[in-house]
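Q: The following block contains the structure, expressed as structure tokens.
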Amino acid sequence: MEYIGYFSSILIGIALGLIGGGGSILTVPVLVYLFTVEPVVATSYSLFIVGLTSAVGTVGYFKKGLVNIKTAIVFGIPSIIAVFTTRALIVPAIPKELFSLGNFTLTKDLFLMLLFAVIMIIASYSMIKKDKKNIPAETQEQNFNYPLILIEGALVGVITGLVGAGGGFLIIPALVILSKLPMKEAVGTSLVIIAAKSLIGFFGEGGETAIDWQFLFTISAFAIVGIFIGAALSKKVDGNKLKPAFGWFVLVMGIYIITKELFLK
């Protein structure tokens, strides 16, 4: 299983480099099902892996001038505050057993995995659906919708804090629609936001369990290799054409997690 896990870690990076968002949503299932990491710990580890991989991925976008610093700051600040608060205060406050009904007990681990699966299904829809609007953002003057950006940033931060996903599937559409960024610039800016909030969220943890740094850096190294492969492939393959197929895969994974956690244990 470990070898499959390492290969899957490369795929996470490839997805991030190729389609810009959604790849990180596979990190927690890989950690839980292929490396048998406990769900709560997996959401923490995912923050580090996603954050470090995204940070490396931003280098190429910075070189090409495809990162909008102002947008990253405006969107990133509420997101960083939200993810830090969620990891430091909300996640530790969730009881180990939320409630029991007959023979069924909703534990903290089960709650996080089910929440993660629901978010996967929502993410899959955003990847599968076809964009009706294909307006070239380059021709639009950037005009921030501050209230919506602040709300969206905080929402993405809470989701990232709870389940360890980068939230690129939410950030990229928000940057294109609310900040009027061109798609490639939205992808580069999204990676900066994901890197900052994920790493800050990880280091803002209360430190309930010991961290296996060797394991973290090993998985991150495979994911980083993947993001370079994805970036190279993006020059030859249109990531937008692959996004629906990846979305269907994420949908199947989300349904599988719900089925496994509720009925196959």
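Q: Hey, any hits in region 215-223 for a residue that's small (Gly, Ala, Ser), buried (at least 19 other Cβ atoms within 10 Å of the Cβ) and within 27 Å of residue 2 (Cβ to Cβ)?
A: yes
Q: Taking the options 25, 80, 128, 49, name whichever one is more than 30 Å from residue 1 (Cα to Cα), of a type outside the set (Ser, Thr, Tyr), surrounded by 15 or more Cβ atoms within 10 Å (Cβ to Cβ) and touching a residue at least 24 places away in the same chain (Cβ under 8 Å).
A: Only one candidate qualifies: 80.
Q: May I ask you to verify whether residue 43 is in a helix (DSSP H, G or I), farther than 30 Å from residue 110 by Cβ, open to solvent by less than 10 Å² (accessible area, probe 1.4 Å) and not charged (D, E, K, R)?
A: no
Q: More than 29 Å from residue 74 (Cβ to Cβ), among the aromatic types (Phe, Trp, Tyr), modelled with pLDDT of 80 or more and surrounded by fewer than 19 Cβ atoms within 10 Å (Cβ to Cβ) - does that describe any residue in region 195-213?
A: yes
Q: Here's a follow-up. Cβ-Cβ distance below 8 Å, separation of 6 or more or different chains: which pairs start in region 93-104 with a residue that is open to solvent by 80 Å² or more (accessible area, probe 1.4 Å) and end on one that is polar (S, T, N, Q)?
A: Every condition considered, the pairs that remain are 96/107; 97/105; 97/107; 99/105.
Q: State all residues of region 66-114 that are within 30 Å of residue 255 (Cβ to Cβ), over 21 Å from the mean Cα position of the chain (by Cα) and part of a helix (DSSP H, G or I); if no residue qualifies, say none.
A: Result: 93, single match.
Q: Return the pairs, sorted by first residue and then second, in which the second residue is not aromatic (Phe, Trp, Tyr), the first residue lies in region 174-195 and is on the phi > 0 side of the Ramachandran plot, the beta carbons are less than 6 Å apart, and the residues are 6+ apart or on different chains.
A: Short answer, once both residue conditions are applied: 180/137; 180/140; 180/142.
Q: Looking only at residues that are more than 24 Å from residue 107 (Cα to Cα) and of a type in the set (Phe, Trp, Tyr) in region 244-265, which one is most open to solvent (accessible area, probe 1.4 Å)?
A: 248
Q: In region 71-107, what residues are hydroxyl-bearing (Ser, Thr, Tyr) and in contact with a Ser or Thr (Cβ under 8 Å, 6 or more places away or on another chain)?
A: 71, 79, 86
Q: If you don't mind, another one. Enumerate the pairs (first residue in region 222-241 and part of a loop (DSSP other than H, G, I, E, B); second residue anywhere and crowded, with 17+ Cβ neighbours inside 10 Å) with beta-carbon separation below 9 Å, excluding pairs fewer than 6 apart on the same chain, so at least 6 apart or on different chains.
A: 234/17; 234/18; 234/19; 234/20; 237/18
Q: Another question, then. Kindly indicate the residue of region 131-165 that is modelled with pLDDT under 85, in a helix (DSSP H, G or I) and β-branched (Val, Ile, Thr) and also surrounded by the fewest Cβ atoms within 10 Å (Cβ to Cβ) among those meeting that condition.
A: Looking at residues that are modelled with pLDDT under 85, in a helix (DSSP H, G or I) and β-branched (Val, Ile, Thr), I get 139.
The values are calculated or read from the model by the stated rules, or taken from the named source; none is laboratory data. As the structure is a prediction and not an experimental result, all values here were calculated from the model. Positions of Cβ are generated from backbone atoms using ideal geometry, with glycine treated the same way; all protein chains shown enter the neighbour counts. Heavy atoms of the whole protein, side chains included, go into the accessibility calculation; ligands, DNA and RNA do not. Shrake-Rupley method; radii C 1.70, N 1.55, O 1.52, S 1.80 Å.
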